[in-house]
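Derivation of every value follows stated rules applied to the coordinates shown; laboratory data play no part. Owing to the predicted nature of the structure, the values given are computational and were not obtained by experimental measurement. Methodologically, a virtual Cβ is constructed for each residue, glycine included, from the backbone with ideal geometry; neighbour enumeration extends over all protein chains shown.
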Amino acid sequence: MSAQELHQMGVAELAAAIADKKTSSVEAAQHLLARARQHAGLGAYLAFNEDLTLAQAKAADGRVAAGERGPLLGVPLAHKDIFVTQGFPTTAGSKILEGYQSPFDATVVAHLAQAGAVTLGKLNCDEFAMGSGNDNSAYAPVHNPWDTARVPGGSSGGSAAAVAARLVPAATGTDTGGSIRQPASFTGITGIKPTYGRCSRYGMVAFASSLDQAGPMARSAADCATLLTAMAGPDIDRDSTSLDHPAEDYTRLLGAPRDGATAAQPLKGLRIGLPNEFFGEGCAPDVIAAVRAALSEYEKLGATLVDISLPRTELSIPVYYVIAPAEASSNLSRFDGVKFGHRAAQYDDLTDMYKKSRSEGFGPEAQRRIMIGTYVLSHGYYDAYYLKAQQIRRLIAQDFQQAFTQCDVIAGPVAPTVAWKIGEKSDDPVANYLADIYTLSTSLAGLPGMSVPAGFGAANMPVGLQLVGNYFKEGELLQTAHAFQQATDWHLKTPEGF
Ligand code: GLN
């Protein structure tokens, strides 16, 4: 099998080629490792362990030789560097964890490994997943393969760039306020954030625990379904917020017409709700145009479009930027120079050691959020900010429940613009926060959401269509995205030079 063919394959094709012995897991891993080195300039990867990767690939080839077949058996994947992984360093994109080696695997990583996937390496991300452009990584910015002068989105920017540049067929990401959907949109790939609690957070370095969710990023909805099937499921003993809901096969609805639909109109009967707040002045016309064109395609597939309202959309920004920093300030207190990671070389006493270790270890955005979070949780401000934000969070969730009485799926843009230039928003945290307007409310409500490649906008950069479903409707969301991908080829486009 030619090298070119190897990296052009998605998860399904590669798994089939390995099972049919047209290639081997070792051959695929070697090729993709070489390719990652060749494109190191993208900044997508932070760490490799070639010996371990090849040992895992050899073990997978052994299972294939013994007659086993599996949708992930032998397939190389890479993990956002926020998942702890035995044998690889885990930094969460921060200097404070530089050189940290976990003694165990995150549950999500372990589940994918049990399914026979091979870990190719660890992927760059914004420090502690705080960011929208992957320019908050303490190590290097990640470049968007569609235009290397632009950001790939964040915080799962390494995952998005690696998949888009065909360095790896699929990757894990995490989404606290948009970090799977927005980078997927910016790089023309597919990503899904499941219902909060669907994937275990055990072994995922915590940013904002009531929002953090793991999910897959791949070229197609079908490949995302395969990964999510392995990743999701209860893990109550190790993550008390993991949902006690049996694992399910997310591939089961792919290609199946909805009840009462036909092969020509597989989505007949599907009501797609369009929140008017997502299509207003704040969204760039090129993004709206691509999203509208995708929605017309959905009408051809039998869906009907319904106007809805999510009236508290605008409030999701202040609410999120109170709750997420509050939780982050608490979660990041564990990095004190004693138990994990970086400790200052010189200090006078214990307090000085904490201060110096944390000042040296945390970058500007992490420090900003620790300060905001500590402030909103402090006596006298707790009721005014944190409690108030929690109350509005509940109202935001209720808006969605109201909307779901009128529609089955909600659709709109993922982000108000295409990917911006690296550095453009680096000195303006508020500009970054505002760019999260269409993704935050889904996270605050704990709902599943995804980004589906829907065309190109300004500067020929990819635009994603966001689909949001009600709790536990990941299967229907993936079905809805898959039907679109059967009719269009946006998800198959490859950036030039890759
Ligand atoms: N951009 C948002 C933030 O900076 C979301 C990040 C995320 O989902 N991890 O917090």
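Things worth noting here:
- Once Rg and the Kirkwood radius are both taken over the C-alpha atoms of segment 347-393, their ratio Rg/Rh works out to 1.16.
- For segment 457-498, the Kirkwood radius over C-alpha pairs fed into Stokes-Einstein at 4 °C and 1.567 mPa s yields D = 105 µm² per second.
- For segment 455-470, 3J(HN,Hα) per residue [Karplus equation, 6.51 cos²θ - 1.76 cosθ + 1.60, θ = phi - 60°, Hz, x = Gly/Pro]: x, 10, x, 3, 6, 6, 9, x, 10, x, 9, 8, 10, 10, x, 6
- Cα-based convex hull, segment 146-233, per residue volume (Å³, whole number): 86 Å³
- For segment 204-256, the spread of Cα positions along the three principal axes, ordered from largest to smallest, is 34, 23, 14 Å.
- Cα-based radius of gyration for segment 162-206, normalised by 2.2 N^0.38 Å, reads 1.21.
- Scaled against the 2.2 N^0.38 Å expected of a compact globular protein of N residues, the Cα radius of gyration of the chain reads 0.92.
- Database remark: amide H of A47 closer than 5 angstrom to the amide H of K122 (H placed geometrically; neighbours at sequence offset of 5 or more, or on other chains; Pro and chain starts carry no H).
- Placing +1 on the Cβ of every Lys and Arg and -1 on the Cβ of every Asp and Glu, with no other charges, gives segment 1-149 a dipole of roughly 280 debye about its Cα centre.
- Order by protection proxy (mean Cβ within 10 Å, highest first), peptides 150-157, 103-110, 204-211: 150-157, 204-211, 103-110
- Taking amide H positions as modeled 1.01 Å from N, with prolines and chain starts lacking one, the residues under 5 Å from V306 and 5 or more places away or on another chain are I272, G273, L274.
- Only DSSP H runs of four or more residues enter the estimate; each adds -39500 (n - 2.57), and after division by the residues of the chain the mean residue ellipticity at 222 nm equals -11000 deg cm²/dmol.
- Electrostatic tally near G280: other residues with Cβ closer than 13 Å to its Cβ, Lys and Arg +1, Asp and Glu -1, net -4.
- Across the cross-link table entries K80/K268; K58/K122; K421/K473; K388/K421; K22/K58; K421/K493, which are compared at the Cα atoms, the separations over 27 Å belong to K80/K268; K421/K473; K388/K421.
- For segment 189-293, the pair-distance distribution built from all alpha carbon pairs, in bins 5 Å wide starting at 0, is 2, 11, 14, 14, 17, 18, 13, 8, 3, 0 percent.
- Segment 383-498 - Kirkwood radius from inverse mean 1/r over Cα pairs (Å): 16.3 Å
- Using the Cβ of Y196 as centre and a radius below 11 Å, the other residues enclosed give a net charge of +1, where K and R count +1 and D and E count -1.
- Binning all Cα-Cα separations of segment 287-400 at 5 Å, short to long from zero, yields these whole-percent fractions: 2, 10, 14, 13, 11, 10, 9, 9, 8, 6, 4, 2, 1, 0.
- Among A214, G178, L243 - extreme Cα towards positive end, dipole of segment 159-269, charges at beta-carbon: G178
- Calculated from backbone phi, Karplus (6.51, -1.76, 1.60) coupling profile of segment 20-30 in Hz, x at Gly/Pro: 7, 6, 7, 8, 10, 5, 4, 4, 5, 5, 4
- Rounded to whole Hz, the Karplus (6.51, -1.76, 1.60) HN-Hα couplings of segment 305-321, x for glycine and proline: 9, 10, 7, 10, 9, 10, x, 9, 3, 4, 6, 5, 5, x, 5, 4, 7
- Size of charge dipole - the chain - debye, nearest 20, with Cβ of Lys, Arg +1 and Asp, Glu -1, no other charges: 260 debye
- Of the residues S443, Y433, A345, the one whose Cα sits farthest towards the positive end of the charge dipole of the chain is S443 (charges of +1 on Lys and Arg Cβ, -1 on Asp and Glu Cβ, taken about the Cα centre).
- Rotationally averaged projected area of segment 241-351 (alpha carbon convex hull; nm²): 13.6 nm²
- Amide H contacts under 5 Å for G455: V463, restricted to partners 5 or more places along the chain or on a different chain, H placed in the peptide plane at 1.01 Å from N.
- Ignoring the sites themselves, the chain has its longest run without GluC sites (Glu not before Pro) in a DSSP loop having at most 14 other Cβ atoms within 10 Å at 282-495.
- Pair-distance distribution of segment 56-158: all C-alpha pairs, bin width 10 Å, starting at 0; shares per bin in whole percent are 17, 37, 30, 14, 2.
- Overall dimensions of segment 390-442 as given by Cα atoms, namely Rg and Dmax in Å: 14.6, 42
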